[in-house]
Each structure stands twice: as structure tokens, then as C-alpha cells.
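Working notes, beginning with the structure itself.
The values are calculated or read from the model by the stated rules, or taken from the named source; none is laboratory data. This structure is a prediction, so every number in the text was calculated from the model and none was measured. We place every Cβ from the backbone using ideal geometry, glycine too, and count neighbours over all the protein chains shown. Note: areas computed on protein heavy atoms with side chains; ligands, DNA, RNA excluded. Shrake-Rupley method; radii C 1.70, N 1.55, O 1.52, S 1.80 Å.
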Amino acid sequence: MAPTLGPDVVVGVIGAGTMGAGIAQVAAANGHRVLLADASASAVAKAKDGHAKAMAREVEKGKRSQAEAEALLARLSYISGVAPSDLEDFAPCGLVIEAIVEDLAIKQTLFRSLESVVSREAVLATNTSSLSIAAIAGGCQRAERVLGIHFFNPAPVMALVEVIPALATDAAVLEAGRGLVERWGKVAVVASDTPGFIVNRIARPYYGESLRILEEGIADVATIDWALRTLGGFKMGPFELMDLIGNDVNYAVTRSVFEAMYFDPRYRPSLTQRRLVESGWLGRKAKRGYYDYRDGAVAPPATEDEVLGRTIRDRVVAMLINEAVDAVQLRVASPEDIELAMTKGVNYPRGLLTWGDALGPAAVLATLESLQQEYGEDRYRPSPLLRRVAKSGGKLLP
Ligand code: NAI
């Protein structure tokens with residue numbers, strides 16, 4: 001029977017950290033009764049406090065009436081000290097979204113235990129960024145009810161949600177998940193169960209190629225950031241963005257995609273970034289990263305050389321477009337969903353396929369071929385689909 005995930009469904013969220021707290025807020029804002037649980041009492045207390053503050057802000061800004069805010073908070077219940085052996089509270093949930101630590105064995109244990117508590121029809125979702133949904137579902141009795149529902153941070157603000165069926169996921173479960181996410185006012189895109197899904201895969205060259213340009217001494221961080229912001233139209237340059245995300249987090253994502261892709265050189269992590277992580281220069285949160293955020297530090301000036309800037313921009317953008325085209329060819333997602341994912345998930349100034357068509361697929365191909373020839377590295381190999389479209393004179397976004 002197809003699961004129905006209407007507003008009456010009780011939603012369980014396990015893990016009350018950054019993501020779980022945000023997801024619980026989204027579910028409660030959409031009328032669900034929500035149980036938010038965490039092993040740690042302090043994480044639960046922080047999430048509860050965060051919800052109260054978020055509602056106070058929304059009332060103050062006139063986004064919500066006081067009565068609505070109170071009703072939303074009343075729909076949220078908090079459970080601390082939750083353990084896999086003690087999940088009875090989740091019995092009434094029609095949907096449970098897991099947002100605990102990114103550890104396969106711990107997630108598998110949780111899913112197995114959840115299955116013994118929830119009803120047969122209940123849908124089990126994971127918010128994992130980097131693990132395979134198949135692996136998480138693999139230990140379950142009814143793997144067909146497991147899927148990935150991947151929110152972006154902060155969940156109440158970011159429009160995009162990637163919905164990911166594993167090999168065994170029932171088509172009706174995928175549809176129910178997608179429908180629910182859309183009713184929650186989000187933009188849902190369907191991604192295949194491949195490393196990094198859509199956004200975390202296609203965005204890799206934004207960081208990796210910029211780091212490579214830095215390592216070769218072609219330009220410094222301020223100049224690369226300036227080029228991609230001013231000449232590329234990106235909201236943030238790659239280095240200021242890595243400093244915001246945290247170099248530890250960004251490096252871990254790159255490593256996990258690289259390893260999961262069987263060490264394809266296209267995704268190779270950077271030694272420069274590794275040294276920053278090893279030095280504790282994690283970015284804004286550590287007050288040091290590519291930039292110095294300590295009191296009194298002076299931001300380094302960019303060399304605003306348009307010719308150099310355009311070279312940098314074209315190289316990074318060509319790599320991003322190539323990655324998007326390859327994702328189309330390898331059926332990571334539909335071309336339309338790939339465009340939506342990069343514009344709504346990471347706020348790129350335009351969809352990468354659209355961008356490739358505007359530049360001309362032949363011009364993008366020429367940039368990549370020249371890099372491949374110069375370096376002799378497989379890292380720069382053009383996607384076969386890009387070659388085909390460039391040769392036929394067709395479009396990347398049909
Ligand atoms: P976090 O560290 O802020 O929160 C994780 C919470 O899970 C902690 O409060 C911890 O006490 C709790 N926890 C760990 N093991 C548990 C268990 N067995 N039972 C109950 N609670 C447990 O982590 P964050 O950033 O919220 O990430 C959670 C998940 O969401 C991860 O799978 C991560 O890959 C994914 N994700 C993270 C994003 C981000 O930008 N931070 C974006 C999208 C997905």
C-alpha cells in the first residue's frame with residue numbers, strides 16, 4: 001500500500017543538532033506533530049531554545065502571529081537521552097527523519113531498531129550528506145520504505161531538498177517523500193544514490209579547481225574570490241565560502257566523494273586544504289582559514305586584473321559545467337533537476353547547463369581540452385556528452 005504522508009502524520013526527527021533542529025522546525029511549521037530526539041540532553045535543550053528564539057524573531061518581524069508561533073511550538077515534543085534500545089516513543093510516527101552523526105554503523109543500528117518500533121507503513125528517511133542510502137537501508141527488514149531526504153543548512157531557509165531513492169526503495173515511497181517535501185514549500189529534486197548526490201558532487205570543482213589555481217601560484221585567494229564573485233556572479237568566492245562552511249567539513253565532503261568515486265582524479269582533495277585542517281585553521285569558526293578573522297586583521301587586497309580574472313573564472317566554470325554535463329550523462333538526475341539543484345541549493349547565478357549553452361558547448365570543450373593538453377591529467381577529461389553536443393551543435397539543456 002502506498003504510504004500517505006499527509007499533515008496528520010506524526011514526524012519523528014532523530015538527532016537534534018544543526019540539521020535535525022531545522023528539519024523539526026520545518027515539519028512543525030507545516031502542521032505536523034513532531035518528536036525531536038537526541039542522545040544528548042544539551043543538544044535537545046539547545047534545539048528547544050533555538051526554536052523558541054526563531055519563533056520570537058518571526059513574530060517580531062511580522063512573519064507569524066503570536067498565536068501561530070505558540071501553536072507551532074506546541075506541536076514540538078523533545079526527547080533526550082534517546083538510545084537505539086529505547087525508541088518506543090516513535091511508535092506513532094508515520095515518518096522518521098534521521099539526522100544523527102555521519103557514521104554508517106551508528107545509522108544502520110538506529111534504522112534496524114526503528115523498524116522494530118514503527119508501523120509497517122512508516123517511512124524512514126536519512127538526511128545523510130555522504131553515505132549511500134543503500135548501505136543505510138541495507139540492514140533493514142523492509143528496505144523498500146527507506147529513502148534519502150537531504151536538506152541543506154539552514155533547513156528552514158534553504159529551498160532545496162534532494163530526495164534519493166536507494167536501489168530497493170519503493171516508487172510509491174519516493175513519490176510520497178517528494179510530495180511531502182513539496183507540500184512543505186521546498187523545491188524537491190530527485191537524485192540517484194551516487195556519491196554527493198547532485199549538489200555536493202557537481203559543486204566539487206568550485207573548491208577543487210580554485211585550490212589548484214592557488215597551489216600553482218596563478219593567483220592568491222583574494223584575487224580568485226574576486227574573480228568568481230565579480231566576473232563569475234557567484235554570491236561568495238570559493239575561499240570565503242570554504243571558510244564559512246568550515247575547512248574540516250568541506251575537506252571531509254571532498255574526501256568522501258573522492259573515495260566513493262574510486263579515487264577519480266577529478267575529485268582529488270587538496271593538500272593545501274588538508275594542511276589548513278591539520279593546523280586548525282578551519283575558517284570563520286576558528287578565526288583563521290584562508291583569511292584571518294582575528295580582531296584587527298586586515299583583509300588582503302585582490303589584484304583586480306580582468307584578463308587574469310577571466311582566465312580563472314573560465315577555468316572553474318568550465319570544470320563545473322563539465323561536472324553537470326557528466327551528471328546528466330550518468331543519470332545522477334534529470335537536466336531540469338540539476339539546474340534547480342545548483343541554483344536553489346547553492347545559489348549559483350545560473351544553471352550550469354544553461355551557462356554552458358550561453359558560452360557555447362564548443363567553447364567549454366575547448367577550455368577543457370586545452371587544460372587537459374597542458375597538464376596531461378585525467379582530471380580535465382571532457383564529458384563524452386559535452387563532446388557529442390559540441391560536435392552536433394546542439395544544446396546541453398534540451
Ligand atoms: P550535528 O553534530 O550538529 O548533530 C548530530 C546530533 O546527533 C548530535 O546532537 C548528536 O548528539 C546526535 N546523535 C549522534 N548519535 C546519535 C544517536 N545514535 N542517537 C541519537 N542522537 C545521536 O550534525 P549535523 O550537522 O546536524 O548533521 C547531521 C546529519 O545531517 C549528518 O548525517 C550530516 O551528514 C547531515 N547533513 C549535514 C549538513 C550540514 O550542513 N551540517 C547538511 C546536510 C546534511
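See the values below:
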quantity	calculated
Of residues in the stretch 150-164 being closer than 14 Å to I97 by Cα and assigned to a strand (DSSP E or B), the one farthest from the ligand (Cβ to nearest atom)	V163
One residue from L73, L131 being in the same structural domain as A176 (by TED's automatic domain parsing) and within 12 Å of the ligand (Cβ to nearest atom)	L131
Test: residue in the stretch 69-86 that is of a type in the set (K, R) and part of a helix (DSSP H, G or I)	no
Residue under evaluation I136, criteria (1) hydrophobic (A, V, I, L, M, F, W, C); (2) open to solvent by less than 10 Å² (accessible area, probe 1.4 Å); (3) away from the ligand (no atom under 15 Å from the Cβ), criterion not met	(3)
Number of positions in the stretch 251-305 that are open to solvent by 70 Å² or more (accessible area, probe 1.4 Å), in a loop (DSSP other than H, G, I, E, B) and either within 18 Å of I224 (Cβ to Cβ) or among the charged types (D, E, K, R) (or both)	9
Residue count, the stretch 119-128 (criterion: more than 12 Å from the ligand (Cβ to nearest atom) and touching a residue at least 40 places away in the same chain (Cβ under 8 Å))	3
Lone unmet requirement of (1) at pLDDT 95 or above; (2) in contact with a helix residue (DSSP H, G or I) (Cβ under 9 Å, 6 or more places away or on another chain); (3) under 16 Å from A16 (Cα atoms) for P84	(1)
Extreme residue, farthest from the ligand (Cβ to nearest atom), among residues of the stretch 10-46 that are β-branched (V, I, T) and at pLDDT 95 or above	V10
Tally of residues being under 23 Å from F151 (Cα atoms) and more than 12 Å from the ligand (Cβ to nearest atom) across the stretch 79-94	2
Among residues of the stretch 16-34, those that are in contact with a strand residue (DSSP E or B) (Cβ under 6 Å, 6 or more places away or on another chain) and not in a helix (DSSP H, G or I), counted	4
In the stretch 47-94, residue most open to solvent (accessible area, probe 1.4 Å) [restricted to those that are under 21 Å from V10 (Cβ atoms) and among the basic types (K, R)]	K48
Of all residues making up the stretch 249-285, the number that are closer than 15 Å to N200 by Cβ and within 20 Å of the chain's Cα centre (by Cα)	16
Exclusive hit being open to solvent by less than 20 Å² (accessible area, probe 1.4 Å), assigned to a helix (DSSP H, G or I) and in contact (Cβ under 8 Å) with a residue 40 or more places away in the chain, set V328, V317	V317
Any hit, the stretch 351-368, residues being assigned to a loop (DSSP other than H, G, I, E, B), outside the structural domain of K186 (by TED's automatic domain parsing), out of contact with any His (no Cβ under 7 Å at 6 or more places or on another chain) and in contact (Cβ under 8 Å) with a residue 40 or more places away in the chain	yes
Among the residues listed as L368, L352, the single one being surrounded by 19 or more Cβ atoms within 10 Å (Cβ to Cβ) and either modelled with pLDDT under 95 or touching an Asp or Glu at 6+ places or on another chain (Cβ under 8 Å) (or both)	L352
Subset of the stretch 95-115 [surrounded by 21 or more Cβ atoms within 10 Å (Cβ to Cβ) and more than 11 Å from the ligand (Cβ to nearest atom)]	L95, V96
Within the stretch 179-232, considering residues that are part of a helix (DSSP H, G or I) and of a type in the set (D, E), the one farthest from A155 (Cα to Cα)	E215
Single residue of L308, L359 found to be of a type outside the set (F, W, Y) and under 17 Å from L385 (Cα atoms)	L359
Residues of the stretch 35-59 that turn out to be in a strand (DSSP E or B) and more than 14 Å from L73 (Cα to Cα), as a count	2
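Yes or no, residue by residue, for (1) under 17 Å from the mean Cα position of the chain (by Cα); (2) under 20 Å from V34 (Cβ atoms); (3) open to solvent by 20 Å² or more (accessible area, probe 1.4 Å):
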| position | (1), (2), (3) |
| --- | --- |
| P156 | yes, yes, yes |
| V161 | yes, yes, no |
| I164 | yes, no, no |
| A168 | no, no, yes |
| A171 | no, no, yes |
| G177 | no, yes, no |
| L180 | no, yes, no |
| A188 | yes, yes, no |
| T194 | yes, no, yes |
